[in-house]
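A.B. asks: Pasting a structure here, questions to come.
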Amino acid sequence: MPRYLVERTFQEEAALPFPGRSEAERQAFIDNNAVLGVVWIHSYISPDRKKCFCLYDASTPEAVRTAAARNRLPVERIIEVHLLDPYAFPA
């Protein structure tokens with residue numbers, strides 16, 4: 001399945017459903033992704049919580065964009081990425 005890097009810019013400090021949000025909010029976020037076959041891998045967020053880079057597995061960029069809309073998250077860019085890992089090269 002393709003992997004995508006999603007760049008987000010928040011106008012205010014991001015109020016993401018993790019951590020510190022209710023279990024119902026967390027589950028709704030996951031369910032909105034799952035119905036579209038989108039899997040959130042992890043994210044990196046800036047210290048001011050206004051810029052975020054998230055990795056997702058999904059069939060298409062459109063699925064990622066739709067899941068983001070359902071979760072009321074901004075999408076600035078979606079880029080298909082491939083893993084480049086230094087441990088994958090022979091010694």
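The values are calculated or read from the model by the stated rules, or taken from the named source; none is laboratory data. The structure presented is a predicted model; accordingly, all values stated were derived computationally and were not measured. So basically every Cβ, Gly included, is an ideal-geometry build from the backbone, and we count neighbours across all protein chains shown.
A.B. asks: Answer with yes or no whether residue 77 is closer than 15 Å to residue 8 by Cα and either crowded, with 18+ Cβ neighbours inside 10 Å or at pLDDT below 95 (or both).
C.D. replies: no
A.B. asks: Something else about it: Go through region 64-91 and give me each residue that's without any contact (Cβ under 8 Å) to a residue 60 or more places away in the chain and farther than 19 Å from residue 51 by Cα.
C.D. replies: Correct list: 66, 70, 84, 85, 86, 87, 88, 89, 90, 91.
A.B. asks: Does residue 25 satisfy the condition of being without any contact (Cβ under 8 Å) to a residue 60 or more places away in the chain and either in a loop (DSSP other than H, G, I, E, B) or in contact with a Phe, Trp or Tyr (Cβ under 6 Å, 6 or more places away or on another chain) (or both)?
C.D. replies: So residue 25 fails the test.
A.B. asks: What tally of residues in region 38-67 results from selecting those that are modelled with pLDDT of 95 or more, outside any strand (DSSP E or B) and surrounded by 12 or more Cβ atoms within 10 Å (Cβ to Cβ)?
C.D. replies: Residues in region 38-67 being modelled with pLDDT of 95 or more, outside any strand (DSSP E or B) and surrounded by 12 or more Cβ atoms within 10 Å (Cβ to Cβ): 10 in total.
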